[in-house]
Structures are given as structure tokens and as C-alpha cells.
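J.: Just dropping this structure here.
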Amino acid sequence: MNNELPKWVDYGLMPLINLTIAFAVAGLVVLLVGENPFEAAYLLVRGAFGFGEGIGFTLFYATNFIFTGLAVAVAIHCGLFNIGCEGQAYIGGLGVAFACLAFDAYLPWYVIFPMAVIGAAIFGAAWAFIPAWLQATRGSHVVITTIMFNFISSAVMVYLLVEVLKPAASMAPETRTFTDAGRLPKLDWLMEMFGSSLGGAPFNISFFVALVACYLVWLLIWRTKLGYELRTMGTNPEAAIYAGIPQTRTIVIAMLISGGLAGMMALNPIMGDQARLNIDFPAGAGFVGIAVALMGRNHPVGIIFAAILFGMLYQGGAELSFDMPSISRDMIVVIQGLVILFAGALEHVFRPTLMRIFVRGDN
Amino acid sequence: MSGAPAIELVGINKSFGPVRANHDIQMSVAPGTIHGIIGENGAGKSTLMSILYGFYQADSGEIRINGKTVKISDSQAAINLGIGMVHQHFMLIHNFSVLENIILGAEGGAILNRGVAAARKELERLEKEYSLEVDPDAIIEDLPVGLQQRIEILKALYRQADILILDEPTGVLTPAEADHLFRILRQLKDQGKTIILITHKLREIMAITDTVSVMRQGTMVATRKTSETNVEELAELMVGRSVLLHVDKKEATPGEVKLSVKNLTVKDSRGVTMLDNVSFDVRAGEIVGIAGVSGNGQTELLEAISGIRRARSGEVILDGKPISVTGGANPALLRERGLAHVPEDRHHTGLVLPFEERENAILGYHGRDEYSSGMFLDLDAIRADAEKKIEQYDIRPANSKLKTANFSGGNQQKIVLAREMERDPIVLLVGQPTRGVDVGAIEFIHRRIIEMRDAGKAILLVSVELDEIRSLSDRILVMFAGRIVGERGANATEGELGLLMAGVEDGAKDGARKKEPA
């Protein structure tokens with residue numbers, strides 16, 4: 001009766017095969033533009049992990065993707081596909097910025113920091129609330145509504161930044177720069193422990209917030225009553241109704257948590273790096289979160305690994321395009337796209353073949 | 001056509017995992033006749049027709065059309081062989097016109113106009129020939145169901161079908177529409193078409209078919225000439241005398257009424273009445289069995305009582321206090337009030353198959369204090385509880401961390417039964433307790449149900465297995481078309497119940513709740 005793959009195949013071999021193929025196809029693309037794919041791969045990996053600053057950037061990007069990956073995963077456990085993390089993160093930035101703008105003249109960073117975390121979560125969750133409510137009570141599909149809310153959020157943010165939040169004398173559509181109290185400490189000491197240095201990389205303590213969030217999400221999904229209800233709803237809605245699990249409440253709560261996590265992503269670029277709220281700071285992290293969640297199998301541990309992989313592609317890709325001028329930024333986006341395609345969208349392409357190899361005696 | 005049968009099936013086998021949907025099927029249909037296939041839901045009729053229409057491939061066996069062995073790999077191949085199918089659920093595009101629907105898939109080239117003009121002419125000819133009375137430019141969603149079905153038939157005829165398969169064609173029709181359909185079918189037969197009619201309604205078989213095959217549990221149990229058989233024989237063949245299960249039980253000692261259903265009416269989302277003014281009582285310490293061919297309102301009855309589905313009108317009283325069946329009662333709250341429910345379909349409703357066994361062992365009860373502390377689940381308590389039940393119910397493999405999907409059907413059912421029975425409920429609703437369960441487990445399950453009764457629980461049992469109903473119940477209610485058409489004592493004969501199940505009503509016109517001396 002056993003029709004499951006061994007765990008090491010399911011969680012180890014299959015992602016590895018997917019990745020290998022993604023990189024093989026990416027290699028062909030590199031070959032097409034007339035460069036040596038092995039050299040390109042070497043440059044990419046070295047750019048991401050070869051020196052302290054590179055590692056710092058890789059983990060900085062990974063921090064963003066952990067938040068958005070967790071956000072997508074929580075919603076998926078409840079059977080909801082939250083494509084709106086980009087918008088929720090963008091709006092979440094308001095929560096961070098308001099906390100910093102209001103208090104950075106009076107309070108130290110460690111007091112502002114928790115306020116920013118809570119503010120980001122509240123703003124992100126609020127932005128997810130309307131799609132959640134519409135899904136739960138009217139059946140409007142969250143995929144559609146959250147996409148629309150992404151567009152609305154970018155319009156709202158441009159308006160706010162240009163008309164409301166921009167200092168009078170400035171030409172740039174962004175808030176004023178926060179004082180030092182509005183910046184998060186960098187993790188230089190962590191790098192120094194390994195005998196390296198962070199250099200200019202903005203790797204900061206929101207990485208730890210992300211790790212704590214991973215633990216809390218794991219607790220929520222597998223150890224709480226609410227998590228049990230989310231998973232039941234997401235796996236078998238009919239059984240959820242049979243069990244008397246309230247549909248509207250569960251869907252709304254799942255989306256609020258998802259939106260809150262997406263919003264918290266804003267901490268990292270805003271308080272951890274820019275020290276100001278600027279146009280389009282999420283820069284696609286919300287969408288990468290979908291691939292990260294898919295690749296990480298919606299499990300926090302998997303999400304951490306997948307986030308680091310995508311962090312590597314972002315950072316290593318930037319280095320690669322610098323070292324190999326014929327490989328432009330756009331080419332890097334193509335490679336990232338291939339990884340998303342094979343590791344995310346086509347995740348299960350090899351499952352039937354692997355099933356044939358590893359699961360025998362079924363028929 | 002040298003007297004070869006229009007369709008011949010030889011030794012067709014088809015399994016879905018461990019389930020044998022079709023087992024060594026032999027069938028032969030003469031050209032220009034109407035052949036009926038009857039059997040209960042799940043008997044394998046639809047699977048067989050899906051094989052004939054190319055939706056499924058048989059695991060083994062042979063299909064011969066007009067004497068020639070053929071391989072039907074998809075529905076296009078079936079169409080090319082002159083087989084047309086009218087599905088139970090129509091395959092029409094609602095905002096297209098009749099004409100557009102008919103040419104769908106046979107548009108005839110990239111430019112639509114030419115094909116449409118030719119199709120219109122052909123369609124008019126067909127309509128006249130068979131007097132189908134359909135306006136080619138009407139939009140599907142504006143048409144009544146009976147007409148939509150005629151369009152399905154037209155679709156098949158347009159594709160030059162010589163063999164027409166109709167799957168439960170009257171399920172959605174009013175009696176008048178059904179009569180019209182039968183007139184059309186007779187006309188088609190007169191034109192030399194071969195028709196296969198799948199149904200579970202004996203009346204229709206007797207009214208229109210020339211020959212009839214009876215299917216039960218995946219096998220073809222008999223084929224008869226319709227003129228040489230009768231409703232009683234067919235009912236018996238259809239319901240079967242599988243294993244005569246004997247259950248030892250004492251005389252029931254019914255106490256007070258614990259569950260009282262009054263004038264319960266349920267309509268589905270299309271407004272079709274699924275449950276029509278149903279009333280009955282269940283007392284403490286008795287088992288009331290609901291017999292009936294599946295799809296006659298039993299599912300809706302259980303769902304309405306347990307709060308899963310809203311009733312349109314009526315009342316349900318649980319242990320003296322009403323349940324708001326029309327206002328959406330919360331199933332979780334009803335559980336707290338002592339209503340346990342073993343749902344008919346454990347896979348879709350009763351279990352979350354990818355979950356661990358122990359997670360399913362608390363489904364619906366997960367909010368209870370015994371399984372949680374604060375907002376967290378108490379995993380130790382859950383495991384201890386699951387392991388206790390695994391031992392009590394001999395659930396195998398005895399591993400509470402195993403995925404539920406990896407248990408056999410019988411063991412999955414035991415997981416559900418253990419969960420619902422071990423709560424000391426006041427009222428127990430049990431749907432199809434032994435569907436897909438092996439014989440050994442059946443005995444155990446029956447014994448547990450009787451023990452529950454003897455412990456003073458009020459039990460409402462729904463089953464399509466007549467033997468099960470007869471051996472367990474203290475009183476038997478028969479449902480047909482959403483109504484209770486008769487009540488019998490535990491010693492009612494199979495033939496008697498079979499007739500009621502087939503909709504042949506009691507002598508008494510108001511038959512419903514008349515007590516019958518046992």
C-alpha cells in the first residue's frame with residue numbers, strides 16, 4: 001500500500017535534480033551568448049559565497065525571501081495562493097517607516113525596532129484583509145484579488161511618497177533618511193566570528209527576526225489548534241466543514257498571518273539598509289517568495305535553504321554580470337527565471353519517473 | 001451487418017488501485033435494440049461505459065464493434081467508431097448557442113462560417129427526422145434541462161453515432177420530459193440505432209428496454225430479456241444476496257426519543273428537492289436503518305442532521321433540544337451536545353488522507369481540553385489516545401504516525417468509527433459503515449454498532465447494503481426520491497424492501513410513516 005517516495009528522494013534528490021537541470025539549461029543560455037558556462041557558474045558561486053561582503057549580501061537577500069516565503073507557505077497550508085506578498089510587503093513598509101519617522105528623534109533603536117516589527121505586520125496584514133474577506137465570504141479568488149491589490153499598493157505608495165511623505169525640499173520620491181535610531185545594527189560581529197568581514201553588506205539583525213519567524217510558523221502549523229485547522233481546511237475542505245471548523249474565520253486568519261509575515265519583510269531593506277522608505281523597495285521579493293515556498297515545500301527549514309539559494313542567485317548574479325560584461329543583468333534574470341521554472345513551477349516533473357524507480361510492488 | 005452484435009465486450013477487467021471496478025465483464029448487444037444496464041451506484045456501470053467511450057483503458061479484455069475487435073484509446077476513437085455518449089452531467093457550454101455546441105470539436109476547418117452553414121442544414125434534417133424540436137440559435141442556459149439533454153443526443157447523432165450510450169438520462173428530468181425522451185429513444189431504435197441505457201430505476205428498464213444486464217459490485221451478474229423478467233427478479237439481482245451476514249443481537253429495548261426529525265426538507269444549490277418532508281424518531285437503545293438505493297436523499301439527510309448542509313425547512317430535535325438545521329448548525333457544537341457522525345464517504349468527508357493517523361483521530365474533537373493546552377495541541381495526549389484506540393479497534397498497522405492514506409479501507413473506517421464511537425455520544429449517525437471494508441472488519445464493525453445500541457445509544461444507520469440494514473436494524477425506513485416511502489420491522493423480506501427501494505410504493509398512498517405491525 002505504500003505509494004510514497006523515500007524522504008531523502010522527496011526532499012533531497014528531487015530538488016537536486018530540478019536544480020541541476022535548471023543550471024544545465026542556464027548553462028546553455030550562457031553558451032549561446034558565447035561565454036564559458038563553467039566559468040560563469042564559478043563566478044556566480046564565488047560572488048555569492050567567496051568573500052565576507054558577498055556572503056553578507058547573499059544573506060541579506062535571503063532574509064527578504066524567508067519572510068515572503070513563509071508568508072506564501074502559511075497561506076498555502078490553508079489552501080490559499082497568496083500572490084499579493086509583494087503588495088503586502090510594500091504596504092508593510094509604511095508600518096516600519098511610521099515607527100521610525102515618529103520616534104527616531106526620541107527613542108533608541110531597540111525600542112523602535114519592536115514597534116517597527118509590529119507596525120510592519122499590522123500594515124501587511126491589513127492589506128491582506130480585504131482579499132481574505134472577499135474570498136471567505138464571497139468566494140472571490142485570492143489569486144485575482146491579491147494581484148489587483150499589488151497594483152493598488154504600488155499606486156498608493158507612489159502617491160504617498162510623492163505627495164505626503166516626501167520632505168518639502170527633496171526631489172526624490174522617498175521619506176527623509178532616518179537617524180541612527182532608525183537603523184538596525186549590522187551583523188559584523190557574526191562575520192568576524194568566522195574570521196571574515198561584512199564590508200558594505202547590509203546584513204542585519206532582521207535575519208534573526210526571520211529565523212524566529214520560521215520557528216513560530218513551524219509551531220503554528222504543526223503544534224497549534226489553529227494550525228491543525230488551517231491544514232485541514234487546506235487539505236480537505238469538506239472534512240473541515242464536517243469537523244465544524246469555521247471557514248470564514250480560518251481563511252481570514254490565515255491570510256492575516258500571511259500578510260503580516262510579508263509585511264515584516266519591509267524591516268530588512270528599510271530599517272536594515274536604506275534607512276528610508278523609497279519607491280519599489282520590495283523589488284520582486286514577494287514574487288520570489290512564491291518560488292521559495294514551492295521549493296522549500298512550505299516547510300520553514302526548506303524555506304531557509306531555498307531563500308539562501310535565491311539570495312545566492314541575486315548576489316552571485318550581480319557579481320557575475322560585473323565580471324562577465326557580456327552577461328547582462330537581464331541574463332541573470334533569465335537564469336533566476338529558469339530556476340523558478342524548474343524548481344518551482346515544474347517541481348513535480350520527475351516525480352512519476354522517481355516513483356517508478358523507488359516505489360515498486362504497487363501494481 | 002451479418003447478425004454480429006453491435007457491441008460485444010469480452011472479459012473486461014478494470015481496477016483502480018485495490019478496488020475492482022469491473023471484473024470479467026461479458027456483454028453483447030444486438031443492433032437496433034435498447035439494452036439496459038442496471039445496478040446500484042458504485043456497481044461499475046459508469047466505469048464500464050467509460051471504457052467503451054475511451055475515457056479509461058481496460059486492464060484486460062476485448063471490445064468488438066459490429067464484430068470487429070477495436071481499440072478505443074480516447075473519445076475521438078469512440079466517435080469514429082460511431083459511439084456517442086450522453087453523459088449524466090451534460091457537457092455543454094452554457095453561453096453558446098445550440099448550433100455552436102453541436103459543432104464543437106467538429107467545426108470543419110479554421111474558417112467557421114462554411115462549417116456552420118453546413119451544420120445548420122444537417123441539423124435541420126436531423127431535427128425533422130427525429131422530431132427533436134430544438135431551435136438551433138437558442139442559447140443553452142435559456143433552455144430547460146430536458147431540451148439540453150436532447151441537444152446532447154443531437155450532438156451524438158450529428159457525429160453519425162450508431163450506438164448511443166445514455167448514462168442515467170432521467171436523473172434530472174421531470175416525468176413528462178422522461179416520457180418524451182423515451183419516445184425519442186424508441187424512434188431512434190426504429191431507425192436502426194443501438195442504445196445502451198444506464199440507470200438504477202427498474203421502472204425505466206421495464207418500460208423501454210429489450211434486454212437488460214444487471215451489475216453488482218463490479219461484476220455482470222445476469223442478462224435477461226426484458227419481456228421474460230420482472231421487477232422483483234431484477235430488484236433481487238441488483239441488491240444481491242452477497243454474504244448473508246448474521247449478527248447476534250438481543251431484542252431492542254427502546255427508551256425515550258433521542259433524535260426527532262420533523263418535516264425536514266432539503267434542496268440542493270439548483271433548487272432541486274433532495275429531501276422531501278421527512279419525519280421520523282430514533283429512540284435510545286434502538287437502531288433505525290434507512291434503506292434505499294444510494295442517491296435518494298440519504299446523504300442529504302445525514303448532512304442536514306449533522307449541520308453540514310442547511311435544510312430548507314423542518315425541525316430536528318436532539319435529546320429534547322432543537323438543532324437549528326435551517327440556520328446552519330455548527331457541527332462542532334453538535335458534537336459537544338452528543339451527536340457523533342460516521343460520514344458516508346470517509347475519503348472525502350471523514351478523513352484528511354495526507355494527515356497522520358493520530359491527527360485524524362481527533363478531527364472534529366481537536367478543540368477539546370483533553371487534546372490541547374491553551375492554543376497548542378497536546379501531542380502526548382493525542383498520541384496516547386490514538387494508540388489506545390488502535391489497540392481497542394485493532395487498527396493495522398498499529399502506527400499512529402503513519403499517513404492515513406497508507407491504511408487499508410477497512411482500517412481507515414475503523415479510525416473513523418473509533419473516533420466517533422468512543423465519545424459516549426447520545427445519538428450516533430452512521431453512513432455506509434462497511435463500504436469498501438473487508439469481511440473480517442465488517443463483523444467487528446457490526447458488533448460494535450450493536451454494542452453501542454445495547455449501551456443505550458440512539459443509532460441512525462444509512463446503508464445501501466440491504467443485508468446490513470436487515471441484520472442490524474430494529475426498524476427499517478425506506479427512502480426513495482427524497483421521501484420515506486415505507487416503514488418495516490426488522491423481519492421485512494428482501495423482496496418487500498427491494499420493491500420499496502425501486503419506488504414501487506406501498507398500497508397505502510400516504511405510505512410514509514404508517515406503522516406496520518411487526
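J.: Whether any residue in region B:357-364 is among the polar types (S, T, N, Q) and either out of contact with any helix residue (DSSP H, G or I) (no Cβ under 9 Å at 6 or more places or on another chain) or without any contact (Cβ under 8 Å) to a residue 24 or more places away in the chain (or both) is what I want to check.
T.: For region B:357-364, residues among the polar types (S, T, N, Q) and either out of contact with any helix residue (DSSP H, G or I) (no Cβ under 9 Å at 6 or more places or on another chain) or without any contact (Cβ under 8 Å) to a residue 24 or more places away in the chain (or both): absent.
J.: Could you pull out the residue among B:Asn66, B:Asn80, B:Asn13 that is surrounded by 17 or more Cβ atoms within 10 Å (Cβ to Cβ) and not hydrophobic (A, V, I, L, M, F, W, C)?
T.: Going through B:Asn66, B:Asn80, B:Asn13 in turn, just one is surrounded by 17 or more Cβ atoms within 10 Å (Cβ to Cβ) and not hydrophobic (A, V, I, L, M, F, W, C): B:Asn66.
J.: I've got another one for you. Is there any pair linking a residue in region B:236-258 that is at pLDDT below 85 to one that is among the β-branched types (Val, Ile, Thr), with Cβ under 6 Å and at least six apart or on different chains, and which?
T.: B:Leu237/B:Val214; B:Leu237/B:Val221; B:Met238/B:Ile38; B:Met238/B:Val214; B:Lys249/B:Ile450
J.: Give me the helices (runs of 4 or more DSSP H) completely within region A:1-108, filtered to those with at least 1 residues that are within 30 Å of A:Thr177 (Cβ to Cβ) and away from chain B (no Cβ under 14 Å), ordered by residue number.
T.: Ranges flagged: A:37-49, A:52-77, A:85-103.
J.: So which residues in region B:363-372 are in contact with a strand residue (DSSP E or B) (Cβ under 9 Å, 6 or more places away or on another chain) and either more than 10 Å from chain A (Cβ to nearest Cβ) or under 12 Å from A:Ala239 (Cα atoms) (or both)?
T.: B:Gly364
J.: Could you please find all residues in region B:373-408 being away from chain A (no Cβ under 14 Å) and more than 36 Å from the chain's Cα centre (by Cα)?
T.: Across region B:373-408, the qualifying residue is only B:Ala384.
J.: In the list B:Ile198, B:Ile205, B:Ile151, B:Ile184, which residue meets the criterion of being part of a strand (DSSP E or B) and either buried (at least 16 other Cβ atoms within 10 Å of the Cβ) or free of Cβ contacts under 8 Å to residues at least 60 places away in the same chain (or both)?
T.: Unique residue meeting the criteria: B:Ile198.
J.: Still on this structure: Among the residues that make up region B:446-456, is at least one of them surrounded by 24 or more Cβ atoms within 10 Å (Cβ to Cβ), in the same structural domain as B:Arg283 (by TED's automatic domain parsing) and among the small types (Gly, Ala, Ser)?
T.: No, the conditions are met nowhere in region B:446-456.
J.: Additional query: Select from region A:221-236 the residues that are free of Cβ contacts under 8 Å to residues at least 40 places away in the same chain, surrounded by fewer than 22 Cβ atoms within 10 Å (Cβ to Cβ), in a helix (DSSP H, G or I) and facing another protein chain (nearest Cβ under 7 Å) and list them in ascending order.
T.: Those that are free of Cβ contacts under 8 Å to residues at least 40 places away in the same chain, surrounded by fewer than 22 Cβ atoms within 10 Å (Cβ to Cβ), in a helix (DSSP H, G or I) and facing another protein chain (nearest Cβ under 7 Å): A:Arg223, A:Lys225, A:Leu226.
J.: How many residues does region B:304-359 hold that are assigned to a strand (DSSP E or B) and more than 9 Å from chain A (Cβ to nearest Cβ)?
T.: 13
J.: Additional query: Could you look through region B:110-124, keep only residues that are charged (D, E, K, R) and free of Cβ contacts under 8 Å to residues at least 24 places away in the same chain, and pick out the one that is farthest from B:Leu157 (Cα to Cα)?
T.: Residue satisfying both the conditions and the ranking: B:Arg114.
J.: Turning to a different aspect of this structure: Return only the number of the condition from (1) of a type in the set (A, V, I, L, M, F, W, C); (2) part of a strand (DSSP E or B); (3) touching a Leu at 6+ places or on another chain (Cβ under 8 Å) that B:Met274 does not satisfy.
T.: It fails just one condition, (3).
J.: Name the one entry in B:Ser227, B:Ser213 that is part of a strand (DSSP E or B) and under 30 Å from B:Glu496 (Cα atoms).
T.: None of the others qualify; the one that does is B:Ser213.
J.: Restricting attention to helices (runs of 4 or more DSSP H) lying wholly within region B:392-500, give those where 1 or more residues are without any contact (Cβ under 8 Å) to a residue 12 or more places away in the chain.
T.: B:439-454
J.: Same structure, new question: Could you check A:Ala239 against (1) in contact with a helix residue (DSSP H, G or I) (Cβ under 7 Å, 6 or more places away or on another chain); (2) closer than 28 Å to A:Val96 by Cβ; (3) within 14 Å of chain B (Cβ to nearest Cβ); (4) not hydroxyl-bearing (Ser, Thr, Tyr) and say which number it fails?
T.: Against the list (1) in contact with a helix residue (DSSP H, G or I) (Cβ under 7 Å, 6 or more places away or on another chain); (2) closer than 28 Å to A:Val96 by Cβ; (3) within 14 Å of chain B (Cβ to nearest Cβ); (4) not hydroxyl-bearing (Ser, Thr, Tyr), A:Ala239 comes up short only on (2).
J.: Quick check: anything in region A:266-276 assigned to a helix (DSSP H, G or I), surrounded by 24 or more Cβ atoms within 10 Å (Cβ to Cβ) and within 14 Å of chain B (Cβ to nearest Cβ)?
T.: For region A:266-276, residues assigned to a helix (DSSP H, G or I), surrounded by 24 or more Cβ atoms within 10 Å (Cβ to Cβ) and within 14 Å of chain B (Cβ to nearest Cβ): absent.
J.: Take the conditions closer than 30 Å to A:Val252 by Cβ and either over 21 Å from the mean Cα position of the chain (by Cα) or buried (at least 24 other Cβ atoms within 10 Å of the Cβ) (or both) and apply them to A:Asn36. Does it pass?
T.: no
J.: I'd like to verify a number: residues in region A:242-251 that are in a helix (DSSP H, G or I) and either within 7 Å of another protein chain (Cβ to nearest Cβ) or buried (at least 20 other Cβ atoms within 10 Å of the Cβ) (or both), how many?
T.: 4
The values are calculated or read from the model by the stated rules, or taken from the named source; none is laboratory data. Predicted, not measured: the structure shown is a model, and the values here were computed from it. Cβ sites come from the backbone with ideal geometry, for glycine too, and all protein chains shown count toward neighbours.
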